[in-house]
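Accompanying notes for the structure given below.
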Amino acid sequence: MTATDRPLTTLPLGPLHVALEEPMYFRIQVDGETVAGVEVTAGHAHRGIEYLATKRNLHQNLVLTERVCSLCSNSHPLTYCMALERIAGAPPPPRAEALRAVADEIKRIASHLFNVAILAHLVGFESLFMHVMQTREIMQDVKETIFGNRMDLGANCIGGVRFDLDAEGAAYLGVQLDRVAVDVAQIRELYASDRSIGSRTRGIGILPYGDAVALGVVGPVARASGIPFDVRAKAPYGAYSRLEVPVVSREECDVWARAMVRLDEVRVSIDILRQCLARLPQGSLAVSPLPLVPAGEAVTRSEAPRGELIYYLRTDGSERPERLKWRVPSYMNWAALEVMLKGAAVADIPMIVNSVDPCLSCTER
Amino acid sequence: MTEMPLPFAAVLFPGGVFALVLGLCLKGLDRRIAARLQRRVGPPLAQPFFDLIKLARKDSLVPKAAPRLLFLTLPLAGTSTAALAVALLPIGGVYAPPAALGDLLVLLYLLAVPAITLMLAGSASASPFGAIGFSREMAMVLAYEGPLLMVIAAVAVFVGRAEGQTVTFSLTEIVAWQQAHGPLIGEPALWPALLAYLAFYPANLGMVPFDIPEAEPEVLDGPLLEYSGPALGLFELMSATKAVVVLGLGIALFCPLAPADPATALVIHLLKYAVLTALGVSVVRTAMGRMRIDQAFRFFLKGPLWLALASLLLVLGRMG
């Protein structure tokens, strides 16, 4: 009997499942312990935020976009502000741009460490999970100390930022970064060499270069499949044009490579933060007075922790946007799951799904 | 081996309250040690008891598609079998099971029953995750039963020949022989078998790296997915009691030595349990991740099976 004429079992993964941080339904056809087909059903976290955005004024939308999702909560208002500023023709002062990069990189470190920690949890390596989460906790403390919040930083405003780093704050951040850097070096070594991590993540969830290009995946998923694409380097925005941003990419195309790309990007982020601290321009924190936003439209993009985030904004001169739309990285990346999951073992499904770091509340908003 | 003094007999009633309590205490100890190894505080030592009390106060839901009688009988069968198996285990210097109860072979059969009830439970729960748990549990049993059989055979032949017979399957005799001639842990020919046993018991207890049938992120507790309330509590009791049996078997086979004074002997016996739990369960499960079922199967075929076989051949060759 060949695999095809055996009856397949349907494995309902989700909409609520311990391996998924958010609701999503994978209808998986399994032949024994092998995945024969996957059907992804999304839409469980739809809240109508794009519609809501057209009912609120431009300032209120800053708060709204920050609450689209928690892990990229800084990327959304940042990209939204960039669109507004482009329409208004009022770029933020250099100091604000540098501080925006600070906020963004702090969030990126925490987000990447979170994903890598969850991978250890899914592999059943609880000690490593705890270890990575403890390192991430340093970044959570940094957020709380500098911004007053552990998830939503409230760092951006139209034309600039809402927080400042004085000498004391900068020194504190520098010290914490040194602590994180030491831990991350250890963690990277562990992920690179530990046998139980390697045996469960290497060679599974393969997304070959060709498929990655065809599917248009972005972020760490693309960079782990040999596509060195990073908005911060390819189309620098804000302070990134003045900063050195090396692009990490790997050729292995598997779950392990995605984790390693994230860990290496944590090191890059630490380096970017140090560059920002060393060369923090003086000056005001935001344009003043606030410019009027005329009728117009703009498309802006930034590199969120999960990849390229694109915002489209159209204004009509009133206080409310006429249309606000965004395309999030997970939208591109989760289509790649069908390629990655084909032929995978049931035991590997959670690791593969986690490796694209799907952010459902962003995607379904 | 002496008659058991009355006060001990009351608490130690073999297979009864003693085993259940000891099993749960070991579980609490394991959770605490694992937590400390991960820089956490960890739950109170009595947490498994609290969990059990909570489960006892809840309802057991039975899935519509599940055969009700079988579904609810399985946890009972599993727990009582595990408790019965404890009665077959001698405690050095304290308790020797009556020969009428049965020997090592009976114990082997009893030891297989909890795994079988888990398989049936997974299958009876009418859930695809239970079904996957069933097939994984079966693969695990196939993987570790072989090495266990050979470990037991190696010890049985060793002691049997030393006593002038061909083989002895009486655990009491094996323990008594060690009391007189020193523990088998000091016998180089049996070291491979000891290693095989050390790999076997985390697998039998379903601990990382071998918690594959119940892996939470993969199959949502597998066979136990549909169980709740007292029925789930019974399965918890079963796994706790099984731990007592499996660890007790190792102690009896390799290191049952104890002083003549029953009170000291009992304390030392309990310490051995604690050490085996700490080193073989807590440390191992915090130091690595879970294997995939094919990896675990291959591991047992490549490692413990050959080790146990090597011991058996060594014993046969050296004394034959």
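The values are calculated or read from the model by the stated rules, or taken from the named source; none is laboratory data. What you see is a predicted model, and the numbers here were worked out from it, not measured in a lab. Backbone-built Cβ (ideal geometry, glycine too); neighbour counts: all protein chains shown. Side chains are part of the model used for accessible areas, which takes the heavy atoms of the whole protein and leaves out ligands, DNA and RNA. Shrake-Rupley method; radii C 1.70, N 1.55, O 1.52, S 1.80 Å.
Quick notes on this one:
- Among the conditions (1) hydrophobic (A, V, I, L, M, F, W, C); (2) open to solvent by less than 30 Å² (accessible area, probe 1.4 Å); (3) assigned to a helix (DSSP H, G or I), the only one that A:LEU52 does not satisfy is (2).
- Scope the stretch A:319-335; condition over 14 Å from the mean Cα position of the chain (by Cα) and surrounded by fewer than 24 Cβ atoms within 10 Å (Cβ to Cβ); matching residues: A:GLU319, A:ARG320, A:GLU322, A:ARG323, A:LYS325, A:ALA335
- When residues in the stretch B:161-185 are screened for being of a type in the set (Val, Ile, Thr) and open to solvent by 50 Å² or more (accessible area, probe 1.4 Å), 3 of them pass.
- Search result, residues across the stretch B:90-105 that are buried (at least 19 other Cβ atoms within 10 Å of the Cβ), under 17 Å from B:VAL159 (Cα atoms) and not small (Gly, Ala, Ser): B:PRO90, B:LEU104
- Out of B:LEU224, B:LEU271, one residue alone is within 14 Å of chain A (Cβ to nearest Cβ), of a type outside the set (D, E, K, R) and open to solvent by 20 Å² or more (accessible area, probe 1.4 Å). It is B:LEU224.
- When the test is whether a residue is farther than 27 Å from B:GLY78 by Cβ, buried (at least 21 other Cβ atoms within 10 Å of the Cβ) and touching a helix residue (DSSP H, G or I) at 6+ places or on another chain (Cβ under 8 Å), B:ALA287 does not pass it.
- Of all residues in the stretch A:137-151, those that are over 10 Å from A:VAL180 (Cβ atoms) have Cβ atoms under 7 Å from Cβ atoms of residues that are of a type in the set (Ser, Thr, Tyr), 6 or more apart or on another chain, in A:THR145/A:TYR172; A:MET151/A:SER70; A:MET151/A:SER73.
- Within the stretch A:199-232, being in a helix (DSSP H, G or I), under 30 Å from B:ALA287 (Cα atoms) and open to solvent by 10 Å² or more (accessible area, probe 1.4 Å) holds for one residue alone: A:SER199.
- Any hit, the stretch A:204-222, residues being within 14 Å of chain B (Cβ to nearest Cβ) and touching a residue at least 60 places away in the same chain (Cβ under 8 Å): yes
- From the list B:ALA154, B:ALA131, B:ALA196, the lone residue that is free of Cβ contacts under 8 Å to residues at least 24 places away in the same chain and either open to solvent by less than 40 Å² (accessible area, probe 1.4 Å) or outside any loop (DSSP other than H, G, I, E, B) (or both) is B:ALA131.
- Restricting attention to the stretch A:298-318, the residues that are surrounded by 15 or more Cβ atoms within 10 Å (Cβ to Cβ), more than 23 Å from A:VAL247 (Cα to Cα) and in contact with a Pro (Cβ under 8 Å, 6 or more places away or on another chain) total 3.
- Filter result for B:ALA82 (among the small types (Gly, Ala, Ser), open to solvent by less than 40 Å² (accessible area, probe 1.4 Å) and part of a loop (DSSP other than H, G, I, E, B)): no
- When the stretch A:9-41 is limited to residues that are at pLDDT below 80 and out of contact with any Pro (no Cβ under 9 Å at 6 or more places or on another chain), the one that is nearest to B:ILE293 (Cα to Cα) turns out to be A:GLU33.
- Taking the criterion of being within 12 Å of chain B (Cβ to nearest Cβ) and open to solvent by 10 Å² or more (accessible area, probe 1.4 Å), the residues of the stretch A:120-162 that qualify are A:HIS121, A:PHE125, A:GLU126, A:SER127, A:PHE129, A:MET130, A:HIS131, A:MET133, A:GLN134, A:GLU137.
- Residues of the stretch A:13-49 satisfying the condition of being assigned to a loop (DSSP other than H, G, I, E, B), within 14 Å of chain B (Cβ to nearest Cβ) and open to solvent by less than 30 Å² (accessible area, probe 1.4 Å): A:GLY14, A:HIS17, A:ALA19, A:LEU20
- Looking only at residues of the stretch B:117-144 that are in contact with a helix residue (DSSP H, G or I) (Cβ under 7 Å, 6 or more places away or on another chain) and within 30 Å of B:LEU316 (Cβ to Cβ), we find that the one that is nearest to the other protein chains (Cβ to nearest Cβ) is B:ALA139.
- Qualifying residue in the stretch A:274-286 (condition: assigned to a loop (DSSP other than H, G, I, E, B) and more than 26 Å from A:ILE109 (Cα to Cα)): yes
- Number of the exception - A:MET1 against (1) at pLDDT below 85; (2) of a type outside the set (Val, Ile, Thr); (3) crowded, with 23+ Cβ neighbours inside 10 Å: (3)
- Being within 14 Å of chain B (Cβ to nearest Cβ) and among the acidic types (Asp, Glu) is not true of A:GLU66.
- Flag for A:ALA117 being open to solvent by less than 20 Å² (accessible area, probe 1.4 Å), within 14 Å of chain B (Cβ to nearest Cβ), under 15 Å from the mean Cα position of the chain (by Cα) and not polar (S, T, N, Q): yes
- Residue in the stretch A:259-282 that is touching a strand residue (DSSP E or B) at 6+ places or on another chain (Cβ under 8 Å), open to solvent by less than 10 Å² (accessible area, probe 1.4 Å) and touching a residue at least 24 places away in the same chain (Cβ under 8 Å) present: no
- Filtered by the rule that a residue be open to solvent by less than 20 Å² (accessible area, probe 1.4 Å) and either within 13 Å of A:ALA222 (Cα to Cα) or of a type in the set (Val, Ile, Thr) (or both), the stretch A:246-258 gives A:CYS253, A:ASP254, A:VAL255, A:ALA257, A:ARG258.
- Selected residue [small (Gly, Ala, Ser) and within 23 Å of the chain's Cα centre (by Cα)] from A:GLY154, A:GLY169, A:GLY198: A:GLY154
- All of B:ALA258, B:ALA215 fail the test of being open to solvent by less than 60 Å² (accessible area, probe 1.4 Å) and more than 30 Å from B:PHE18 (Cβ to Cβ), apart from B:ALA215.
- Being in contact with a helix residue (DSSP H, G or I) (Cβ under 6 Å, 6 or more places away or on another chain), open to solvent by 10 Å² or more (accessible area, probe 1.4 Å) and among the small types (Gly, Ala, Ser) is a property that A:ALA345 lacks.
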